[in-house]
Amino acid sequence: MSDLICVGAVSGSFGVRGEIRLKSFCAIPEDIEQYSPLTDEVGDKSYSLTLTRAIKNGFAARLGGVETKEQADAARGLRLFARRDQLPSLPDDEFYHADLIGLEVYDTGGALLGRVKSVLNHGAADLLEIHGPGLKATVLLPFTLAVVPTVDLAQGRIVADPPEGLF
């Protein structure tokens, strides 16, 4: 498991004074500020973060080292990470997306279906994007208790009961 968890991303600049537009991936979006300082994906660069106000689709914020609109524009696409030990521990039935990516997915009969490529959410519920040998394209598996009854992080596997005809 990775020690870094993606908690947000810079989606561009806000205004002309160096503020950024920030998307928070936290369950309680404003909690992202509590995890400051945040790092880049590698963990090399550290960024202090201060939320200034809520805006449509996120927050306006100050990011350490970003003072001008041009610097804020250049930071667009920057994904911000917190160390796992900074984040709250989760109940048994909740998972960080980073922990699910890469897990092997088996059906209830023990046949390998593929591997989790990514976790997507387009508003309704999480979807596991599954890829693997024998699949012409990735398959989107609903991440619900009915379809995915077992997630075993220790064994690195998911047991799924996909709807008929999905695979």
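The values are calculated or read from the model by the stated rules, or taken from the named source; none is laboratory data. Everything numeric in this text was worked out from a predicted model, so none of it was measured. Cβ coordinates were reconstructed from backbone atoms using ideal geometry, including for glycine residues, and neighbour counts include every protein chain displayed. The area values use the complete protein model at the heavy-atom level, side chains included, leaving out ligands, DNA and RNA. Shrake-Rupley method; radii C 1.70, N 1.55, O 1.52, S 1.80 Å.
Computing the accessible area with a 1.4 Å probe over protein heavy atoms, can you report the carbon and sulfur percentage for segment 99-167? Intermediate results must be reported in sequence, preceding the final value.
Values: 2110 of 3930 Å².
Carbon with sulfur: 54 percent of the solvent-accessible area.
If you average the C-alpha positions of segment 16-89 and of segment 139-167 separately, how far apart do those two centres end up, in angstrom?
Centre-to-centre (Cα) distance: 32 Å.
Would you list Ser48, Ser13 from the most to the least accessible area, probe 1.4 Å?
Ranked list, largest accessible area first: Ser48, Ser13.
When Lys and Arg each count +1 and Asp and Glu each count -1, what net charge do the other residues less than 9 Å away from Lys69, Cβ to Cβ, add up to? Display every interim value, and only then the final one.
On the way: positive: Arg17; negative: Glu19, Glu70, Asp73.
Net charge in that neighbourhood comes out at -2.
Give me the 1.4 Å probe accessible area per residue for the chain, excluding ligands and nucleic acids, in Å².
On the way: 9790 Å² over 167 residues.
Value returned for the chain: 59 Å² of accessible area per residue.
Once the dipole of the chain is set up with Lys and Arg at +1 and Asp and Glu at -1 on Cβ about the Cα centre, which of Ala82, Phe95, Leu49 lies farthest towards its positive end?
Leu49
Show me 113-122, 146-155 ranked by packing, highest mean number of other Cβ atoms within 10 Å first. Let's see the in-between values first.
On the way: 113-122: 16.1, 146-155: 12.6.
Result, highest mean Cβ count within 10 Å first: 113-122, 146-155.
Rounded to two decimals, what is the ratio between the C-alpha radius of gyration of segment 1-66 and 2.2 N^0.38 Å?
Numbers: Rg = 11.5 Å, N = 66, 2.2 N^0.38 = 10.8 Å.
Relative to the 2.2 N^0.38 Å estimate, segment 1-66 comes out at 1.06.
Under a Cβ-only charge scheme (Lys and Arg +1, Asp and Glu -1), can you give me the dipole magnitude of the chain about the Cα centre, in debye to the nearest 20? It would help to have the intermediate numbers written out before the result.
Values: 16 positive and 23 negative charges, 153 e Å.
Charge dipole of the chain: 740 debye, to the nearest 20.
Would you mind computing, in nm to one decimal, how far apart the modelled labels at Ile28 and Ala137 are, each placed 7 Å from Cα along Cα→Cβ?
4.1 nm
For a test of the definition: using alpha carbon positions, the gyration tensor, and the 1.5 limit on a/c, classify segment 109-167 as rounded, prolate or oblate. Before the final figure, lay out each step's value.
Numbers: a/c = 1.33, a/b = 1.06, b/c = 1.25.
Note, shape of segment 109-167 comes out rounded.
Let's test the formula: R0 of 30 Å, r as the Cβ-Cβ distance of Leu166 and Glu94. What FRET efficiency results, to the nearest 0.05? Mind dumping the intermediate values first?
Values: r = 24 Å, r/R0 = 0.80.
The value I calculate is 0.80.
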